[in-house]
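*Asks:* Before anything else, here's the structure in question.
The values are calculated or read from the model by the stated rules, or taken from the named source; none is laboratory data. Keep in mind it's a predicted model, so treat the numbers as computed, not measured. We place every Cβ from the backbone using ideal geometry, glycine too, and count neighbours over all the protein chains shown.
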Amino acid sequence: MPQFKGSELIEASRETVWGFLTDPNKVGNCAPGLKKLDVTDQDHFSVEVKVGLGFLRGTVKAKYETLEKNPPEKLTLRILGSGIGSQVDIKAMVGLKEVEQNKTQLDWVADVKLSGMLAGLGGRYINDAAYKNVSELFKCTREKLKGK
Amino acid sequence: MPKALPEIVDAYKQEGKYLTGKWIGKPVKTKESYRHIRGKGAFADDVQLHRMVYMALLRSPYSHAKILNIDTSKAKEHPGVLLVLTGDDIKKIMRRPFPQPTTPPARNAVDYPLAVGKARFQGEPVAMVIAEDRYSAEDALDDIEVEYDPLPALVDGERALEPDAPLVHDEVGNNVMAHVHYKWGDVDHYFEVADRIVEAKFHYHRFSSTPLEPNVAVADYDERLDIMTIYCNNQAPMEFLPQLAAGLGMPFPKLRVVTRDMGGGFGNKLANWPYIVLAAMASKILGRPVKWVETRTEHLQSATHGAERICYVKAAVTTDGEVLAVKMRCIDDDGAYARHEPAGITVWAQVVPGLYKIKALENDYYAVFTNKCPAAPNRGFSRAPHLFMIERMMDRIARELDIDPVELRLKNLVPPEEMPYETPNGCIYDSGDWPEGLKKALEAANYWEWRERQEEYRKQGKLIGIGVAVGTDSAGPNMGQVRMYNPRLPYSGGTEGALVQITPDGKARVTLGSSPQGVSHETTAAQVVAEVLEMDYDDVYVQTGFDSFTSIYTMHSGTYGSRFAPLGIPAVYIAAARLREKIIKIVAHSLGCKEEDVVLDDGQAYCKQNPEKKTNYRRIARIAYGNIPELPPGMEPGLYSIAIFRPPFTHPNDHNMANLALTYSFNAHVVVLEIDPETALPNILEYVVVDDSGRIINPLVVEGQVHGAAFLGFSAALYEEYKYDEDGNLVNSSFMDYLVPYATETPAFKVIHMETPSPFTPVGAKGMGEGGGTSIQAVINAVEDAVAHLGITLEKSHIDPDTLLRMIREARGEEV
C-alpha cells in the first residue's frame, strides 16, 4: 500500500488552520477539480471531482469522514472514492504545530489503497498526481487563510 | 508400427493419389493478403448495421469483493441510454448459469456473464449499458453506483490449495477446479534403479500472446424472421453455440454465427462467448443490433490469460545420460472461472515424454481457482508449459551430469527407425527424423563453435549463452483427452468438415468448418482443391471465415490445436476427390469413353483417345445443374461434395491411454545471446529454427507460422508477463507496461525446412501453427546458460532485465 507524506507551512494561527480544515464547507471547496460539494454534517461530506491521470480521465465521487479529532493538533480522516473504473481508499493523519506566531506547520501522512484502473496504470502517475493534488489543496488553503 | 495403423496408412496412400505437386507445395500468393495490404480486411468491427447500438461494461475494480448494492437509476436516465442490466437481471433472463466443464465439487461454481453477488477478478463485468452510441454507453457507466465489500484476494496457485486460503467460490468449498493423477509405466522401478535423481521446480508464467484485434461481437436479432445473427471473432463458434442456444432459448437453425477476418487469435479468442451472450440478450430485448468492441485495457485485464503453471519435477537418470522416468507435481492457476479450463489439466498428455524415449511417467496435476482473470488456451495450450518443464529439465540434467545438453538430447530423442512411435500413454508420434533435425539446427547456428568460444568470452567478462530446445506441435487434438479428468464431457475424437462445389459457371466454391484468424486457410484450401480438381487456383473461391448457415461443421469445428492441416485439409481433400470422381463420370458419359481414360487438365477434360475433343468445367456444370437428361442415368444432379474427416481416434482407455493428436510436427530452436553484464539486457546474436511440419502446402504460410510461433515465444520469455499485486490488481494493463516487442527488437529468425509427410493424413501435412512453445524454452535455456557459471538458475519461463541484474549482482556479492 503506497504511503505519501509531506509538510506545509501556512501563515495563520493553529486555531485558524484547524477551524478551516474541520469545516466541510471551507476545506471541501478547496478540493482540486471540484464539481460538486454536498455537506452532510460537520464530519461528513461528499464531493465530485474531475480527475485526469494520463489517459484516465473522468469524474471521481468521494466520501469524506472524520475519524478522530484532537483539536487543534491532530486530525485523522478517511476518504473513499470511486470512478474511472477504480476505487480509492485513503486514510490520512494531519498534525498541526505552531512554529511561530501566525505560522503553522502542517504535517500529513496518507496511506492510499488503489483498486481497478488506477492500480493498473497508477504506478506510472500516482506519485506525481498525489503530490500535485495535495499541493493544490494546500495552496487553496493558504490563499483563503492569508492574513487571517 | 502400433497395431491398427497399417490399414489406415494404406488407405491414405490410396487417397493421396491425386497429389501431383502442381499447386501443393508452391509459394502461391495468399488469397487473404490482397485485401489486407489494401486495408480492406473484413473484421467483425467492420460490420455496420442499420439502427445499431453499443454495449459498454462496468467492471469490478476489486479482484474479490461482495457486491452489496448496485444503483443503476441514474445511468438509466443518461441521455442515449436504452438498457442497463446487472448480474441479478441476467440471472433472471438466463434460466441457468454457464455449465461448468469439470467435476464435483468444482462443478458447483456459479458462472454468469455479469457477476452475481460477488466479483471474483479485477475486470469482471458487474453491469452493462446499451446506448445509441459508444460515448453515451461508456459515459453512463460512471452513473452506476456499486457498493462493494472487499474480500481478501487469492493470487497464488500454491496458496489456493492451503486449507485457510480465501475461497473463490463459496459453493465449491475449496479452490480445486480439477485434479488428476496418472502413472504410465513402472515409475517406481526406474526411480529405484536410477543412478541419480535430479530435482527442480519450474514456473510457467502468466501471459497471453497479443492479438492486434481485441474481442468483438455484433448481435443482430431479426424479429421478423426470428433469427439471431452473431458476427464475432470467436475461434470455435460451435463450442459456445449450445450455451448461446440455451441462454436465448433458441434452436440451432435460428442461430447464425459468422466469423470473418480475425486480427490474430492464439486461443485467447476461444472463451470470449460470455460477452457474445450479453450482446445477444441485449439485441433480443431491444430488437436492435448491438455491437461490443473490447478496449485494449479490457483485453489485457479481463479477456483470457494463458494459465500459470508451477511444476515440481523429478527425473530418474543414469550417469551416462539416459532419462528413464519422470515424476511431476503441477498446479495450474486457472483464475476465477472454468470457462475453457480446466482442459489444460490433461491436454499436456499429448506430449507426456516430450520428444524423448522416457519409459515411465507419473503426473499429478491440479487446476485451481484464484482471483485472477480466467485462463484459456494460449498458443501451445498446455503442451508448451509441459514441454517447457521437460526441456528445462534436460538442461538441468545435463548440467548435473556434466554432459553437453545437445548430447543428452541426441541420446534420448526418439530415433527415426522407431517411427511411428507409441509413447507410454498411447500417443503415436507419426514421423520424422528428430536427431537429424536437431543436428541441422546446431550446424546452422555454429553451435560447437559458439561452445568453444563461450569460455574465452567469459574471460573477457562477456556473458554469452547458448540455448537449445526441441519441440513437437502435437496437432489435430482428440477431444477425448478431456474425458481423462471428466468422463461426463460430451465430446471426444476430432473432426472437421468442408464443402466443395463447382458452381454453374465452372468455378469452385469452398466453405470450411474452421474459423481462421489470419492463418491463410483460404489459400491452402484453394491449393488443395485446385490440385485435386486440376483447375486454376484463381478459379477456386473459399468463403472467408465460418458461417453456421453455410459452413459444414461438427461440434469440434474451429481453429485451435493446430488442427487445420491435419483435420481441415483432409476434409477439403476428400470432398474435392469425391467431386472429381463425379466429374469424371459425367465426362466419360458425355464424351463417350471409359472413366479411366478421362483426363482432367487445367479446368478442361478430354478422353485420352481423342485429346482434340475437349470439354470444360463450365460445360460440365451446365449439364449437372441444368441439362439433366445428359447426365449419366441415375446420377443425382448438381456438383456438391461434402466431407467430414474422421481420424481413427478412440476414447482414452481405463489406463488413460489413447492417441491424443493426429500429427506431431518437429522443431528445433538454437539461440545464441549476449547478456549485458551492466544492464542485463539481452541481445540475440543467432536464432535458428529447423521445422518439419510434414508435407508443406504453401512454404510462405509455413514460414509465416514458424516466425509467428518463434516470435511469440521469444516475446513471452523476455517481454510479456501479466503482473498482479497482492490485492489481485493487474498492475500492467496497458501497452505502456505490458510489453510486446517491436520489429526492431525481434531477431531475424533463420528457418530451415525439413519435410517428412505424416502417414496418417491423406495429404501428409502436419499441424504446426503453435510451434510447441519451443522458443520460450530455448531462450530461457540460453539466458540460464549465460549466467549458470555464476551459480544462477532460472525457475520461470520469463526473465526481465531488472530481475536478472539483481541475480547477477547477488551472485557476484555486489550491492543489489
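*Asks:* Within the range B:266-279, does at least one residue satisfy the condition of being touching a Cys at 6+ places or on another chain (Cβ under 8 Å) and either on the phi > 0 side of the Ramachandran plot or assigned to a loop (DSSP other than H, G, I, E, B) (or both)? Don't jump to the end; show me each part of the working.
*Replies:* Initial filter on the range B:266-279 (touching a Cys at 6+ places or on another chain (Cβ under 8 Å)): B:272, B:276.
Adding the requirement that they be either on the phi > 0 side of the Ramachandran plot or assigned to a loop (DSSP other than H, G, I, E, B) (or both) leaves B:272.
Yes.
*Asks:* Counting just the residues of the range B:78-109 that are in contact (Cβ under 8 Å) with a residue 40 or more places away in the chain and assigned to a helix (DSSP H, G or I), which one comes out nearest to the other protein chains (Cβ to nearest Cβ)?
*Replies:* Restricting attention to the range B:78-109, the residues satisfying the condition of being in contact (Cβ under 8 Å) with a residue 40 or more places away in the chain are B:78-87, B:90, B:93-96, B:98-103, B:105-106, B:108-109.
If we keep only those that are assigned to a helix (DSSP H, G or I) too, we end up with B:87, B:90, B:93, B:106, B:108.
Numbers: B:Gly87: 17, B:Ile90: 20, B:Ile93: 25, B:Ala106: 27, B:Asn108: 28 Å.
Across the range B:78-109, the extreme among qualifying residues is B:Gly87.
*Asks:* How many of the residues making up the range B:178-226 are under 30 Å from B:Ala338 (Cβ atoms) and part of a strand (DSSP E or B)? It would help to see each step written out before you state the result.
*Replies:* Applying the first criterion (under 30 Å from B:Ala338 (Cβ atoms)) to the range B:178-226 yields B:178-184, B:187, B:200-221.
Checking which are part of a strand (DSSP E or B) leaves us with B:178-184, B:200-204, B:216-221.
Residues flagged as under 30 Å from B:Ala338 (Cβ atoms) and part of a strand (DSSP E or B) within the range B:178-226 amount to 18.
*Asks:* Here is a list: A:Asp89, A:Asp107. Which entry is within 14 Å of chain B (Cβ to nearest Cβ) and assigned to a strand (DSSP E or B)?
*Replies:* Working: A:Asp107 fails: within 14 Å of chain B (Cβ to nearest Cβ).
Of the residues listed, the single one that is within 14 Å of chain B (Cβ to nearest Cβ) and assigned to a strand (DSSP E or B) is A:Asp89.
*Asks:* Looking only at residues that are of a type outside the set (A, V, I, L, M, F, W, C) and surrounded by fewer than 24 Cβ atoms within 10 Å (Cβ to Cβ) in the range B:256-273, which one is farthest from the other protein chains (Cβ to nearest Cβ)? First the steps, then the outcome.
*Replies:* If we filter the range B:256-273 for residues that are of a type outside the set (A, V, I, L, M, F, W, C), which is where we start, we get B:256, B:259-261, B:263-265, B:267-269, B:272.
If we keep only those that are surrounded by fewer than 24 Cβ atoms within 10 Å (Cβ to Cβ) as well, we get B:256, B:260-261, B:263-264.
Working: B:Arg256: 34, B:Arg260: 30, B:Asp261: 28, B:Gly263: 22, B:Gly264: 23 Å.
Top of the filtered list is B:Arg256.
Residue by residue, here is whether (1) surrounded by fewer than 23 Cβ atoms within 10 Å (Cβ to Cβ); (2) not polar (S, T, N, Q) holds:
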residue: B:Gly713; (1), (2): no, yes
residue: B:Val731; (1), (2): yes, yes
residue: B:Met736; (1), (2): yes, yes
residue: B:Thr744; (1), (2): yes, no
residue: B:Val763; (1), (2): no, yes
residue: B:Gly772; (1), (2): no, yes
residue: B:Ser775; (1), (2): no, no
residue: B:Val779; (1), (2): no, yes
residue: B:Arg809; (1), (2): yes, yes
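*Asks:* For the list (1) within 13 Å of chain B (Cβ to nearest Cβ); (2) at pLDDT 95 or above, I need the number of the one condition that A:Ile84 fails.
*Replies:* (2)
*Asks:* Of the numbered conditions (1) within 12 Å of chain B (Cβ to nearest Cβ); (2) modelled with pLDDT of 95 or more, A:Lys74 satisfies every one except a single condition; which is it?
*Replies:* (1)
*Asks:* State all residues of the range A:34-53 that are surrounded by 13 or more Cβ atoms within 10 Å (Cβ to Cβ) and either modelled with pLDDT under 90 or over 19 Å from A:Ile79 (Cα atoms) (or both); if no residue qualifies, say none.
*Replies:* A:Val51, A:Leu53 - these are the residues of the range A:34-53 that are surrounded by 13 or more Cβ atoms within 10 Å (Cβ to Cβ) and either modelled with pLDDT under 90 or over 19 Å from A:Ile79 (Cα atoms) (or both).
*Asks:* Right, next: Which of the residues that make up the range B:764-786 are among the charged types (D, E, K, R) and assigned to a helix (DSSP H, G or I)?
*Replies:* Answer for the range B:764-786, where residues must be among the charged types (D, E, K, R) and assigned to a helix (DSSP H, G or I): B:Glu784, B:Asp785.
*Asks:* Is it the case that some residue within the range B:373-389 is of a type in the set (Ser, Thr, Tyr), over 18 Å from B:Gly713 (Cβ atoms) and either modelled with pLDDT of 95 or more or in a helix (DSSP H, G or I) (or both)?
*Replies:* Of the residues in the range B:373-389, the ones of a type in the set (Ser, Thr, Tyr) are B:382.
Next cut, over 18 Å from B:Gly713 (Cβ atoms) only: none.
The answer is no, given that none of the residues of the range B:373-389 is of a type in the set (Ser, Thr, Tyr), over 18 Å from B:Gly713 (Cβ atoms) and either modelled with pLDDT of 95 or more or in a helix (DSSP H, G or I) (or both).
*Asks:* Could we say that A:Gly95 is assigned to a strand (DSSP E or B), of a type in the set (Gly, Ala, Ser) and within 17 Å of A:Ala129 (Cβ to Cβ) here?
*Replies:* No: the conditions fail for A:Gly95.
*Asks:* Shifting gears a bit: If you check B:Arg392 against the conditions, is it among the charged types (D, E, K, R), more than 30 Å from B:Arg59 (Cα to Cα) and surrounded by 24 or more Cβ atoms within 10 Å (Cβ to Cβ)?
*Replies:* Working: among the charged types (D, E, K, R): yes; more than 30 Å from B:Arg59 (Cα to Cα): yes; surrounded by 24 or more Cβ atoms within 10 Å (Cβ to Cβ): yes.
Yes.
*Asks:* Which of (1) more than 14 Å from every other protein chain (Cβ to nearest Cβ); (2) within 30 Å of B:Pro125 (Cβ to Cβ); (3) loosely packed, with under 15 Cβ neighbours inside 10 Å is the odd one out, the single condition A:Ala130 does not satisfy?
*Replies:* With respect to (1) more than 14 Å from every other protein chain (Cβ to nearest Cβ); (2) within 30 Å of B:Pro125 (Cβ to Cβ); (3) loosely packed, with under 15 Cβ neighbours inside 10 Å, A:Ala130 is out only on (3).
*Asks:* Also, I was wondering about something else. Return the residues of the range B:720-762 that are of a type in the set (S, T, N, Q), more than 9 Å from chain A (Cβ to nearest Cβ) and in contact (Cβ under 8 Å) with a residue 24 or more places away in the chain; say none if nothing qualifies.
*Replies:* We begin by selecting, within the range B:720-762, every residue of a type in the set (S, T, N, Q); these are B:729, B:732-734, B:744, B:746, B:756, B:758, B:761.
From what's left, more than 9 Å from chain A (Cβ to nearest Cβ): B:744, B:746, B:756, B:758, B:761.
Within the range B:720-762, B:Thr746, B:Thr756, B:Ser758, B:Thr761 qualify.
*Asks:* Looking only at the range A:53-70, how many residues end up being more than 14 Å from chain B (Cβ to nearest Cβ) and out of contact with any Phe, Trp or Tyr (no Cβ under 6 Å at 6 or more places or on another chain)? Walk me through it before giving the result.
*Replies:* We begin by selecting, within the range A:53-70, every residue more than 14 Å from chain B (Cβ to nearest Cβ); these are A:64-70.
Restricting the remaining residues to those that are out of contact with any Phe, Trp or Tyr (no Cβ under 6 Å at 6 or more places or on another chain) gives A:65-70.
So the answer is 6.
*Asks:* Looking only at residues in the range B:281-332 that are assigned to a helix (DSSP H, G or I) and either of a type in the set (Phe, Trp, Tyr) or buried (at least 23 other Cβ atoms within 10 Å of the Cβ) (or both), which one is farthest from the other protein chains (Cβ to nearest Cβ)? Reasoning before the result, please.
*Replies:* In the first step, residues of the range B:281-332 are kept if they are assigned to a helix (DSSP H, G or I); the result is B:281-286, B:296-302.
Narrowing further to those that are either of a type in the set (Phe, Trp, Tyr) or buried (at least 23 other Cβ atoms within 10 Å of the Cβ) (or both): B:281-283, B:300-302.
Working: B:Met281: 23, B:Ala282: 21, B:Ser283: 25, B:Leu300: 8, B:Gln301: 7, B:Ser302: 11 Å.
The extreme case among them is B:Ser283.
*Asks:* Being more than 10 Å from chain A (Cβ to nearest Cβ), surrounded by 18 or more Cβ atoms within 10 Å (Cβ to Cβ) and assigned to a helix (DSSP H, G or I) is the filter here, so list the residues in the range B:133-174 that pass it.
*Replies:* Within the range B:133-174, B:Ser136, B:Ala137, B:Ala140, B:Ala160 qualify.
*Asks:* Here is a list of conditions, (1) free of Cβ contacts under 8 Å to residues at least 40 places away in the same chain; (2) part of a loop (DSSP other than H, G, I, E, B), and B:Ala115 meets all of them except one; can you say which number that is?
*Replies:* B:Ala115 satisfies all of (1) free of Cβ contacts under 8 Å to residues at least 40 places away in the same chain; (2) part of a loop (DSSP other than H, G, I, E, B) except (1).
*Asks:* Residue pairs, Cβ under 7 Å, 6 or more apart or interchain, first in the range B:289-313 and closer than 12 Å to B:Asn215 by Cα, second aliphatic (A, V, I, L, M) and surrounded by fewer than 21 Cβ atoms within 10 Å (Cβ to Cβ). List them.
*Replies:* Matching pairs, first to second residue: B:Lys291/B:Met52.
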